[in-house]
Amino acid sequence: MKKLLFAKPDLCTGCNRCSYACSAAKEGAFRPSRSRVQINNYSLEGCSVPSVCFQCPGASCLKACPVIAISRNEDDVVVVDAEKCTGCGDCVTACPYGMIELNDNSCAYKCDTCDGDPACVKECQPGALVFQEKDPEIVKVKVLQMKQRSIEGSPREKRQKLGSAVMQATLEARG
Amino acid sequence: MNLFAGKVLIVDLTTGQLSKEPLRMDWAREYWGSYGLATRYYWDAVSPDVDPFSAENALVIMPGALTGTIVPMTGRTSMTSKSPLTGTIFNTNVGGAFGPELKFAGYDGIIIKGRAAAPVYLKIVDDEVSLESAEALTGKGIFETEKSLEEAVGTPDARCLAIGPAGEQQVPYAIIGSDAYRQMGRAGGGALFGSKNLKGIVCRGTGAVKVADLQGFWAKASHYKETNLFDELNLWAKTDGTPVLVDVTSEVGVLPVRNFTQGSSERLQSINTDAIKAVKQGERGCASCPQACGKFTRIGDAKVEGPEYEALALAGANCDVYDMESIIRYNSLCDDLGLDIMSCANTVALAMDITESGRGDLGLKFGDVDFFKVVTEIANLSTERGRDLALGAKKLAEKYHATDMSMEVKGLEMPAYDPRGNYGMGVAYATSERGACHLRAFTLFAEDPFDTSTLVEEVQAMQNFNSVKWSLGFCEFWATLDSEILADLLTSALGEEVSADEIDRAGERIWNLNRLFNVKNGFSAKEDSLPEKVLNRKLEKAGPSEGRVFGLEDFEQAKQVYYRMRDWDENGIPSATKIAELGLDAFAS
């Protein structure tokens, strides 16, 4: 079975090492705003919720791309071909989780799991980000996150919607 | 530019003028950032005799040189100014994520001068900077203020520094809050924001921090994280956080109990690290920190990130309050309304002592689990008692003829380590630039807590190293760092050789630069003092520290050894040779 990136929000401390690592790996500098994994922080509630790309089956971004610049590779990862991308932004609108955006050169970027060795996971000390095969427990955690779809708003607003709902669920589980 | 953003933001609140200046790279290489560089810029911005509350006073806010990188525990930011509580120069330091955000927005610091005619906040979104009206936020707590400021920027990714009503009322131990439960806590930064009609700063940065050799730098950061940080000596931060100290300090007899009358307690099971774990909800980390020492707790509707050791000891044992819910409520109220939990709890314990001894009636008694309700009165100056407690320990004691009971140095209330049971902490409190501070040097784990000659050596070495460690943005809790490691990281970051010797000299330079500022204000050996209670009154119920004082003769002798070690004269003034050696001639009297 193929490995996927999963988030376990209850373990996230909000340190953002993942987004420092991701941007360093992908952008060549520490630039969390361009990280492919984003953290929604709720400091007052003592909770942080990672937003990760689910590499959705039937990915909305892939379906929306008018020039077929987005495809699924042999590892089941949804990838952008920068050469083909025209920067139309249809994928950005289509993604219900706010996990694909346009960079400074108007080219779409998203998580590609670093060819099966994600930089974010290696820097996540509390184990809130894991790269593993599916199991019933992790699927349950993921399904809760995947239910929080938004069809409107900016990527940040979409992530915030997922973050708020998952934060509430996390607080309820903590009791 | 590598590591640095290359610009400093200058804010004149009187004229409303905002400008950007190139970072002084010559200063950056001598003082690096945060503690050191902010102090260097502060010297340049004011006359040493400036009144803290005047429009002429400046506030210099700077992240560390390594802030915004993946080097663990480098997310800290500090502010240098003159303290309304102590009249000295002071630097106050916060974790969270404001500093990295400021670097990502493209600034190595903010210099604030003047005074706004009406309440304002400073809004920074990358290149766009503006002053906005904060009238609608007047009187609001820090939690609500941060939320409003984030909404004003349009993204919860924005980070804030903000004050509550205590800062607006210029309570001399008011704090500047960030990320809800983190503070520039000590010596009155919040009151300075208040005096300038500055309610807060909100910042969103989408830019980058670059380094010369990314792969090499990242590999070194990972290497030191794995081989040095993840060591038993630092592990407590992850497993327990600071609450682990409650049992430790009691065991060696330096835990403050009943306004520093006793040094240990048998009732700690309700406020020690196990008690924290019993109500812990999750763990919280500052930007870039893999340790996550913040333990988030909740009992019913009472919640806080913490309480940390200082709250458990000073609001708990020192007030004879062994009730976790009361301490959580106290801590959260201070964080929201904007008071330093340490200075406030120390002052409350003094008020309890004054009341129980009959020297006055402040309506507070040891063991009162409702003591936390007084926080609102202090922050809003809404009652006579609140106004009394807002004076701080030194002035409250003077008012009630109780100076023999107050526990402060230079007006800064003492942290929760009684120097009678650890003489090193006494020397550290007496010689810190901002009064009784446990962060400049921390000798709790010294082999012999009464061997002054060894302790003095340790104190001055720690003061020097910490000065440069904080200038790079590091947290106190990476205790095993050394200057070789710092030099190695900086070499990769800048792409030019930085030596350990250069790092060590920067530390000593920064310490002396702070000293010279206080010397210019007339501070000398006389003010490097300890409270009467420490010098004369025997510590009770203190195990190995039972019956101890840090007597005047012993203390004065230790102080003189300290001065000689620093090449300062017997009056505590840095010698001409030392000043020249550190390149500080321009700052000498």
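The values are calculated or read from the model by the stated rules, or taken from the named source; none is laboratory data. None of these values were measured; they are calculated from a predicted model. With ideal geometry, Cβ positions are generated from the backbone for all residues, glycine too; neighbour counts draw on all protein chains shown. Areas reflect the complete protein model, heavy atoms only, side chains present, ligands, DNA and RNA absent. Shrake-Rupley method; radii C 1.70, N 1.55, O 1.52, S 1.80 Å.
The table for this structure:
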quantity	calculated
Helices (runs of 4 or more DSSP H) wholly inside region B:469-545 that include at least 3 residues being surrounded by 18 or more Cβ atoms within 10 Å (Cβ to Cβ) and in contact with a helix residue (DSSP H, G or I) (Cβ under 7 Å, 6 or more places away or on another chain)	B:483-494, B:500-520
Region B:120-146, residues that are assigned to a loop (DSSP other than H, G, I, E, B) and either within 25 Å of the chain's Cα centre (by Cα) or closer than 15 Å to B:Ile176 by Cβ (or both)	B:Ala134, B:Gly139, B:Lys140, B:Gly141
Evaluation of A:Pro118 against (1) of a type outside the set (Asp, Glu); (2) without any contact (Cβ under 8 Å) to a residue 24 or more places away in the chain; (3) under 29 Å from A:Gly28 (Cα atoms) (one fails), failing number	(2)
Number of the exception - B:Asp126 against (1) surrounded by fewer than 17 Cβ atoms within 10 Å (Cβ to Cβ); (2) more than 11 Å from chain A (Cβ to nearest Cβ)	(2)
Checking B:Lys113 against (1) of a type outside the set (A, V, I, L, M); (2) in contact (Cβ under 8 Å) with a residue 60 or more places away in the chain; (3) open to solvent by less than 30 Å² (accessible area, probe 1.4 Å), the condition it does not meet	(3)
Answer from A:Gln160, A:Gln145, A:Gln168, A:Gln125 - the residue that is under 20 Å from A:Gly14 (Cβ atoms) and free of Cβ contacts under 8 Å to residues at least 12 places away in the same chain	A:Gln168
Filter result for the condition that a residue is of a type in the set (A, V, I, L, M), at pLDDT 95 or above and open to solvent by 30 Å² or more (accessible area, probe 1.4 Å), over A:Val92, A:Val79	A:Val79
Candidate set: region B:396-422, residues that are more than 21 Å from the chain's Cα centre (by Cα) and hydroxyl-bearing (Ser, Thr, Tyr); chosen: the one most open to solvent (accessible area, probe 1.4 Å)	B:Thr403
Any hit, region B:315-322, residues being within 19 Å of the chain's Cα centre (by Cα) and crowded, with 24+ Cβ neighbours inside 10 Å	yes
When residues of region B:68-119 are limited to those that are in contact with a Cys (Cβ under 6 Å, 6 or more places away or on another chain) and part of a helix (DSSP H, G or I), the one farthest from B:Lys7 (Cα to Cα)	B:Glu101
Matching entry among A:Ser23, A:Ser51, A:Ser60 (being in contact with a helix residue (DSSP H, G or I) (Cβ under 7 Å, 6 or more places away or on another chain) and within 8 Å of another protein chain (Cβ to nearest Cβ))	A:Ser23
The one condition in (1) free of Cβ contacts under 8 Å to residues at least 60 places away in the same chain; (2) not in a loop (DSSP other than H, G, I, E, B) that A:Pro50 fails to fulfil	(1)
Every residue from region B:431-468 that is open to solvent by less than 10 Å² (accessible area, probe 1.4 Å), of a type in the set (S, T, N, Q) and within 23 Å of B:Glu553 (Cα to Cα)	B:Thr431, B:Ser432, B:Thr443
Number of positions in region B:144-169 that are farther than 27 Å from A:Arg31 by Cα and within 13 Å of chain A (Cβ to nearest Cβ)	1
Residue satisfying condition, being in a strand (DSSP E or B) and in contact with a helix residue (DSSP H, G or I) (Cβ under 6 Å, 6 or more places away or on another chain), within set B:Val11, B:Val60	B:Val60
Among (1) open to solvent by 50 Å² or more (accessible area, probe 1.4 Å); (2) without any contact (Cβ under 8 Å) to a residue 24 or more places away in the chain, the one test that B:Ser575 misses	(1)
Failed condition for B:Ala38, given (1) more than 14 Å from every other protein chain (Cβ to nearest Cβ); (2) farther than 22 Å from B:Asn512 by Cβ	(2)
Neighbours by Cβ (under 6 Å, 6+ apart or cross-chain): first from region B:373-401, closer than 11 Å to B:Val348 by Cα; second of a type in the set (Ser, Thr, Tyr) and assigned to a loop (DSSP other than H, G, I, E, B)	B:Gly392/B:Tyr173; B:Ala393/B:Ser406
Enumeration of residues in region A:116-133 that are assigned to a loop (DSSP other than H, G, I, E, B) and at positive phi	A:Gly127
Residues of region B:329-379 satisfying the condition of being of a type in the set (A, V, I, L, M), farther than 10 Å from B:Ala315 by Cα and either touching a Leu at 6+ places or on another chain (Cβ under 6 Å) or open to solvent by less than 30 Å² (accessible area, probe 1.4 Å) (or both)	B:Leu337, B:Leu339, B:Leu350, B:Ala351, B:Met352, B:Ile354, B:Leu362, B:Leu364, B:Val374, B:Val375, B:Ile378, B:Ala379
Filter result (open to solvent by 50 Å² or more (accessible area, probe 1.4 Å), in a loop (DSSP other than H, G, I, E, B) and not aliphatic (A, V, I, L, M)) within region A:1-31	A:Lys2, A:Lys3, A:Lys8
Any hit, region B:19-38, residues being surrounded by fewer than 24 Cβ atoms within 10 Å (Cβ to Cβ), on the phi < 0 side of the Ramachandran plot and touching a Gly at 6+ places or on another chain (Cβ under 7 Å)	yes
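Residue-by-condition table, conditions (1) over 30 Å from B:Ile89 (Cα atoms); (2) within 14 Å of chain A (Cβ to nearest Cβ):
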{"residue": "B:Arg182", "(1), (2)": "no, yes"}
{"residue": "B:Ser195", "(1), (2)": "no, no"}
{"residue": "B:Ile201", "(1), (2)": "no, no"}
{"residue": "B:Ser222", "(1), (2)": "yes, yes"}
{"residue": "B:Glu232", "(1), (2)": "yes, no"}
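For every residue, the table says whether it meets (1) within 11 Å of chain A (Cβ to nearest Cβ); (2) open to solvent by 10 Å² or more (accessible area, probe 1.4 Å); (3) of a type outside the set (Ser, Thr, Tyr).
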{"site": "B:Gly241", "(1), (2), (3)": "no, no, yes"}
{"site": "B:Thr249", "(1), (2), (3)": "no, no, no"}
{"site": "B:Asn259", "(1), (2), (3)": "no, no, yes"}
{"site": "B:Ser265", "(1), (2), (3)": "no, yes, no"}
{"site": "B:Asp274", "(1), (2), (3)": "no, yes, yes"}
{"site": "B:Gln281", "(1), (2), (3)": "yes, yes, yes"}
{"site": "B:Cys289", "(1), (2), (3)": "yes, yes, yes"}
{"site": "B:Lys295", "(1), (2), (3)": "yes, no, yes"}
{"site": "B:Gly306", "(1), (2), (3)": "yes, no, yes"}
